[in-house]
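The values are calculated or read from the model by the stated rules, or taken from the named source; none is laboratory data. Computed from a predicted structure; not experimentally measured. Counting neighbours? That spans all protein chains shown, and the Cβs are built from the backbone with ideal geometry, glycine included.
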């Protein structure tokens, strides 16, 4: 299982023209918005119990042999992630933040 936590230091941007200079930031904002909507809002975790659908993709090229969990969290307050013990399973945590970085 992969847990993808998207952290937002500010609110989602809107109405900005996308160009070659801000494409990465705009794509990150779009994915944060889409994952927040799928989870039911900012601050909620979505556990996807089926493999990634090629017909309904928020992120292109998702792995089809992995179960994902997604959440978008505003860093105005602290966020703590506690992964359950699963000694016989691989777990990974990816924490993308706005503007091209991952923690």
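Can you report the number of residues in the stretch 32-67 which are touching a strand residue (DSSP E or B) at 6+ places or on another chain (Cβ under 7 Å) and within 15 Å of residue 98 (Cα to Cα)?
Selection size over the stretch 32-67: 4.
Identify all residues within the stretch 64-91 that are surrounded by 11 or more Cβ atoms within 10 Å (Cβ to Cβ) and either over 13 Å from the mean Cα position of the chain (by Cα) or over 16 Å from residue 39 (Cα atoms) (or both); write none if there are none. Spell out the reasoning first.
Going residue by residue through the stretch 64-91, those that are surrounded by 11 or more Cβ atoms within 10 Å (Cβ to Cβ) are 66-75, 79, 81, 83, 91.
Residues satisfying the conditions are 66, 67, 75, 79, 81, 83, 91.
Among the strands (runs of 3 or more DSSP E) confined wholly to the stretch 1-82, which include 1 or more residues that are at pLDDT 85 or above?
Hits in the stretch 1-82: 45-47, 68-74.
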